[in-house]
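Working notes for the structure below.
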Amino acid sequence: MMTKHVSPENQTDENQSDMFRDDILSGLLKDQKAISSKWLYDDVGSHLFEAITELDAYYPTRTEISILAQNARKYRRLPGARGAMVELGSGSSRKTDLLLNAFPDLSVYMPIDISANHLKAAAERVRRAYPSLAVIPVAADFTQPFGQLPLLPELPVLIFFPGSTIGNFEKTEAAALLANIRSAMPEASLVIGVDRPKDAKVLQEAYDDPAGITAAFNQNLLQRINRELDGDFDLAAFAHKAIWNKGESRIEMHLESLVQQQVSIAGETVAFAKGETIHTENSHKYSEEAFEGIASEGGWQITDVDSDENKWFSVYTLQAA
């Protein structure tokens with residue numbers, strides 16, 4: 001899941017369109033064709049992902065929610081719970097509400113998300129549910145270095161980064177993202193969800209469900225290219241693939257070309273060989289030791305860790321080292 005700085009101003013539709021076109025074309029010219037997973041989350045993709053989180057096979061969301069529910073009152077002791085909560089990626093309202101309900105003294109809620117429409121809807125929902133809370137949405141790519149955030153400087157900050165989104169990055173990228181977050185908010189606490197390694201069958205079913213919702217989520221990226229970049233992808237000529245890469249401890253999502261073909265995108269032609277794939281997402285699964293190394297490289301130290309009884313998922317509390 002990378003091109004504009006986060007800033008108080010929302011990115012314009014024109015900037016977003018230029019970023020999308022440039023990323024798509026450059027990614028499809030690589031030897032291993034690849035597209036950043038952040039582009040999966042347009043309005044349609046965001047709704048499809050919410051549907052994925054409701055599937056029985058998709059354990060991460062319900063497991064993380066159970067951990068947050070059990071420990072939300074403990075997180076209330078963090079200074080930012082009485083100041084401003086910055087959420088990176090305005091995802092499941094259930095996770096957000098667990099903390100907002102546990103933080104009665106919170107003053108500001110700032111969700112940051114790349115999908116402007118999804119962000120707007122999430123912010124309006126929070127405003128209605130918590131009328132005394134100042135809600136400041138920022139539509140931006142939080143994977144890029146942070147600019148000045150529109151926060152009152154005297155407020156302590158708690159950063160909420162759920163969903164194991166950190167697993168979408170290569171290890172060096174994950175450490176760099178954590179370093180950027182620390183640089184922008186050096187006094188903040190960070191509550192972050194991280195998925196853990198487990199049986200390959202559990203992982204495979206979670207990312208390739210029988211109902212085909214994950215496949216639709218992945219293939220929506222091609223539909224988005226058709227809609228926004230005048231593409232002519234034939235969705236029937238591409239298949240969703242989820243692969244467990246044990247050596248890298250990650251699930252990889254790909255779109256496989258079923259035939260030799262050429263596709264037009266924004267006036268450019270891209271050739272695909274039969275069997276060639278577009279790598280659309282990684283989801284790394286980190287042991288506590290592995291994540292501690294990434295956090296340390298990013299300038300953070302782990303002060304607490306909460307996990308479910310199966311040790312399938314962990315929620316870490318971090319402070320700047």
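The values are calculated or read from the model by the stated rules, or taken from the named source; none is laboratory data. If you're wondering where the values come from, they're calculated on a predicted model, not measured in any experiment. Because the Cβ atoms are built from the backbone with ideal geometry, glycine has one as well, and the counts that use them run over all protein chains shown. Only protein heavy atoms, including side chains, enter the accessible area calculation; ligands, DNA and RNA are left aside. Shrake-Rupley method; radii C 1.70, N 1.55, O 1.52, S 1.80 Å.
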Do you know which of the residues in the range 60-83 that are farther than 14 Å from residue 160 by Cα and hydroxyl-bearing (Ser, Thr, Tyr) is farthest from the chain's Cα centre (by Cα)?
66
Candidate set: the range 65-98, residues that are in contact with a helix residue (DSSP H, G or I) (Cβ under 7 Å, 6 or more places away or on another chain) and under 13 Å from residue 315 (Cα atoms); chosen: the one most open to solvent (accessible area, probe 1.4 Å)
69
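Between 171, 120, which is in contact with a strand residue (DSSP E or B) (Cβ under 9 Å, 6 or more places away or on another chain), charged (D, E, K, R) and more than 21 Å from residue 281 (Cβ to Cβ)? It would help to see each step written out before you state the result.
Details: 171 fails: more than 21 Å from residue 281 (Cβ to Cβ).
It is 120.
Filter the range 108-134 for residues that are small (Gly, Ala, Ser), part of a loop (DSSP other than H, G, I, E, B) and surrounded by fewer than 16 Cβ atoms within 10 Å (Cβ to Cβ) and give the result.
132
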For the range 267-290, which residues satisfy the criterion of being surrounded by 15 or more Cβ atoms within 10 Å (Cβ to Cβ) and either at pLDDT below 95 or part of a loop (DSSP other than H, G, I, E, B) (or both)?
276, 285, 286
Going through the range 305-321 one residue at a time, which ones are under 22 Å from the mean Cα position of the chain (by Cα), open to solvent by 30 Å² or more (accessible area, probe 1.4 Å) and not hydrophobic (A, V, I, L, M, F, W, C)?
307, 311, 319
Residues within the range 291-303 that are open to solvent by less than 50 Å² (accessible area, probe 1.4 Å) and either outside any loop (DSSP other than H, G, I, E, B) or among the basic types (Lys, Arg) (or both), tallied:
5
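I need the full set of residues from the range 12-35 which are open to solvent by less than 30 Å² (accessible area, probe 1.4 Å) and either under 17 Å from residue 165 (Cα atoms) or modelled with pLDDT under 85 (or both), in order please. Step through it out loud before you land on a result.
To start, the set of residues in the range 12-35 that are open to solvent by less than 30 Å² (accessible area, probe 1.4 Å) comprises 19-20, 24, 27-28, 33-35.
Result: 35, single match.
Would you say residue 143 is under 19 Å from the mean Cα position of the chain (by Cα), of a type in the set (Ser, Thr, Tyr), within 21 Å of residue 187 (Cα to Cα) and open to solvent by less than 40 Å² (accessible area, probe 1.4 Å)? Walk me through it before giving the result.
On the way: under 19 Å from the mean Cα position of the chain (by Cα): yes; of a type in the set (Ser, Thr, Tyr): yes; within 21 Å of residue 187 (Cα to Cα): yes; open to solvent by less than 40 Å² (accessible area, probe 1.4 Å): yes.
Yes.
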Tell me, please, whether a residue that is in contact with a Gly (Cβ under 6 Å, 6 or more places away or on another chain), part of a helix (DSSP H, G or I) and modelled with pLDDT of 95 or more can be found in the range 81-90.
no
